[in-house]
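Have a look at the structure below, then the notes.
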Amino acid sequence: MSKKIVTFTMSLKQSQFEVERLETEARAMGIEVNRALYRELSFDLKDGSPRVFVRGEELTPENTLGLWFRVAGTKSGKYTEGRNLAIRILREKGIFCVNSKGYLDWTRMGKISQHGVFLENEIPIVPTRIVYTKEQALSQNWEYPIIAKHEKGYQGKSVRKFDSQEEIEKFVNKINEKNLGMFLWQKCLPTRWDIRVVIVEGKAIGGMKRSAVGEEFRSNFSLGGKVEEWKLSDEERNLAEKVAKVCGLDYAGVDIMKDENDKNYILEVNRQCQFQGFEKSTGINVGRAIVEMFLAKNQI
């Protein structure tokens, strides 16, 4: 019986590029990828013999090369809990689950949790404030421009820039006060670009420079940012790998930004990073690197 890589997504459209790239590279190496939806998981929990199923088929060391998880949703948390339950059961059977330590240590690793980990491990961060009331937000001695980002935001969609007290007042008075504590308020660095480092098997495989275009201040590829290959320095490489290590991640995207003095700051780490722009700009075959990680973990 041949072993398969099992990937989990919320829908067939989610992470379509990444999963199809994995399927293409795995197929070229004679390996099948079983794309599953989180809702197709089920469990049979018994002392001494817990079992994990996908569409009624049990996942075993004989038929499973490993598991790769994409975003599991955050509203109810049922699938993040299901993901972690599967990890706990399958790792005892010797089945490799990508990012297992990071998922079990932080079921939901939002930006606020990340900053706590970064500070604890002396990883440089952009000066940041967190407030919980309108009074706190409006009484800060802000140094403009200032950036606000939601702690669960993704692809830059929640990031806002404020150039005056009036703009902050308008924003604060518009949202529900109970949501204020979900935002990180950060110094706006003058550079309009950042570096995305992709980590596979705990190692940096390359870097991509993302630059904001036109009036857009955000550099995300999904928002139209320009992407190009970036040759990583030893400091950048070591910093990105340190982030992955302290966060317990085999696979990740680490975002680095520089100030006017070329000092490096970690913006965030993405445990399920997309890599379409990365492959396009660098020519690095991320899909194949991920398949090779599974093979290495199985010593094939």
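The values are calculated or read from the model by the stated rules, or taken from the named source; none is laboratory data. Here the structure is a predicted model, which means the values were calculated and not measured. Every residue, glycine as well, gets a Cβ built from its backbone with ideal geometry; the counts of neighbours run over all protein chains shown.
So in segment 8-59, with the set limited to residues that are within 19 Å of the chain's Cα centre (by Cα) and free of Cβ contacts under 8 Å to residues at least 12 places away in the same chain, which one is surrounded by the fewest Cβ atoms within 10 Å (Cβ to Cβ)?
LYS13
What single numbered condition from (1) assigned to a strand (DSSP E or B); (2) at pLDDT below 95; (3) on the phi > 0 side of the Ramachandran plot fails to hold for VAL227?
(3)
Please determine, by comparing only the residues of segment 156-192 that are among the polar types (S, T, N, Q) and modelled with pLDDT under 90, which one is surrounded by the fewest Cβ atoms within 10 Å (Cβ to Cβ).
Per the stated criteria, the residue is THR191.
Could you tell me which of the residues LEU267, LEU249 is touching a strand residue (DSSP E or B) at 6+ places or on another chain (Cβ under 9 Å) and part of a strand (DSSP E or B)?
LEU267
Please work out which residue is nearest to VAL227 (Cα to Cα), limiting yourself to segment 242-297 and to residues that are of a type in the set (S, T, N, Q) and out of contact with any Asp or Glu (no Cβ under 8 Å at 6 or more places or on another chain).
GLN272
Yes or no, residue by residue, for (1) surrounded by fewer than 16 Cβ atoms within 10 Å (Cβ to Cβ); (2) touching a residue at least 40 places away in the same chain (Cβ under 8 Å); (3) touching a Ser or Thr at 6+ places or on another chain (Cβ under 8 Å):
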site: ILE89; (1), (2), (3): no, yes, no
site: GLU92; (1), (2), (3): yes, no, no
site: CYS97; (1), (2), (3): no, no, no
site: THR107; (1), (2), (3): yes, no, yes
site: GLN114; (1), (2), (3): no, yes, no
site: ASN121; (1), (2), (3): yes, yes, no
site: LYS134; (1), (2), (3): yes, yes, no
site: ALA137; (1), (2), (3): no, yes, no
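In segment 1-56, which strands (runs of 3 or more DSSP E) lie fully inside it and hold 1 or more residues that are at pLDDT below 95, touching a strand residue (DSSP E or B) at 6+ places or on another chain (Cβ under 8 Å) and aliphatic (A, V, I, L, M)?
The strands (runs of 3 or more DSSP E) meeting that bar number zero.
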